[in-house]
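Notes for the one structure printed next.
The values are calculated or read from the model by the stated rules, or taken from the named source; none is laboratory data. Computed from a prediction, not measured in an experiment: that's the story for all the values here. Heads up, the Cβs are rebuilt from the backbone with ideal geometry, glycines too, and the neighbour counts pull from every protein chain shown. Accessible surface areas use protein heavy atoms only, side chains included; no ligands, DNA or RNA. Shrake-Rupley method; radii C 1.70, N 1.55, O 1.52, S 1.80 Å.
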Amino acid sequence: MKHAPFRYARPDTLIAALSLKAELQENSRYLAGGQSLLSIMSFRLAQPGVLIDLNALKELDYVTRIDCGAIRIGALVRHRQIQTDNHIGEHQPLAREAISQVAHQQIRNRGTLCGNLAHADPASEMPAVLLAQQGRLHVRSMTTDRWINAADFFLGVCETAITGSEMLIEVELPRLPERSGTCFMELSRRQGDYAIVGVAAIVSLNEDDVCTGCRLAFCNMSSTCVLAVEAQTSVIGRLLNQTTIHAAAQIAQEELHPFADSVASAEYKRHLAAVLTRRALTVAAQRAQNQAALSIQ
């Protein structure tokens, strides 16, 4: 199906883009990579009267490390840049690992992280990464300028806390704690397909290899990405051995309540959640231990 007719605007400054959005409100949509937006427009799930092209706003094309060690990623940064940036690879391994599983290379070449997050597809990888890492999202309009925590940003299927006049201009990924390991895993029918289930895991260890922190965020389990709070809490204060990890996986399977879809039943998704939790925690713990060993040398 072809998309409905629309008008096109290409502002050359951020203020001009925000001013146009303030005037048009819900009758307009921002366009950066367009990999999600144009698809839903073709299915008539979105019919904006005006597309506001952001690609002239080079001021939004940046990856910046700030004083606290966090990284900020502007609205025009493509998935491909995140995948290949050495600084992100060193300091944000979870984002780097997950981004390589987003769709196909052609889509990663054009799609942007901020566009992906603003689309808020619950089956997408990067919202789960942001939730696991307790990231923040910076939105602006002509009258507002605010940061939103990832836990408060995703409200439902393709629904976020962004208002009709606001733009997501950047994302902040906080610095990982010392002696931390991460892992992203998913299962899909084919390479590049949406995940049937995916998990983003972060574990932090003390000097005795006891777990001091854990985050487990899942995609395609609910109307938004979700945390397995009971499972992640169960490993804190414990050694991440096989017994502890298997117990956490069982807890995750019991506490998560996924929806069925055309690919998998709810029961099968819960089974996959347990399997992926077990594998991701094992890998994340090994990486944390390897990082600790490197810091001693």
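Rounded to whole Hz and in sequence order, give me ³J(HN,Hα) for region 46-53 from the Karplus expression 6.51 cos²θ - 1.76 cosθ + 1.60, θ = phi - 60°, writing x for Gly and Pro.
Using θ = phi - 60°, the values come out as 9, 9, x, x, 9, 9, 9, 6 Hz.
Find the centroid of the Cα atoms in region 92-156 and in region 165-207, then give the distance between the two in whole Å.
Measuring centre to centre over Cα atoms gives 10 Å.
So how exposed is His138, as accessible area in Å² (1.4 Å probe, rounded to 10)?
Probe radius 1.4 Å; accessible area of His138 about 20 Å².
Please identify the GluC sites (Glu not before Pro) of region 141-250 that satisfy two criteria: DSSP loop assignment and at most 11 other Cβ atoms within 10 Å. Which are they?
Passing sites in region 141-250 are Glu207.
Can you give me the accessible area per residue for region 141-295, using a 1.4 Å probe, in Å²?
On a per-residue basis, 47 Å².
Can you compute the helix-only [θ] at 222 nm over the chain? Use -39500 (n - 2.57) per DSSP H run of at least 4 residues, normalise by all residues, nearest 500 deg cm²/dmol.
Counting only the DSSP helices, I get -11000 deg cm²/dmol.
Each residue of region 90-105 in turn: what ³J(HN,Hα) in whole Hz from Karplus with 6.51, -1.76, 1.60 and θ = phi - 60°, glycine and Pro shown as x?
Each residue of region 90-105 in turn: 7, 9, 10, x, 5, 4, 4, 5, 6, 5, 5, 9, 7, 6, 10, 4 Hz.
Going by amide H atoms built from the backbone, whose H comes under 5 Å of the H on Gly33, apart from near neighbours?
Close amide H contacts, sequence-distant or interchain: Thr112.
Just report the Cα centroid separation between region 225-284 and region 31-87, whole Å.
When both Cα centres are located, 31 Å separates them.
Using a 1.4 Å probe on the protein chains only, how many percent of the accessible area of the chain belongs to carbon and sulfur?
Here carbon and sulfur together make up 48 percent of the probe-accessible area.
Would you list which aspartates and glutamates come within 12 Å of Lys21, measuring only between C-alpha atoms, while excluding same-chain residues fewer than 8 positions from it?
Qualifying aspartates and glutamates at Cα under 12 Å: Asp53, Glu166.
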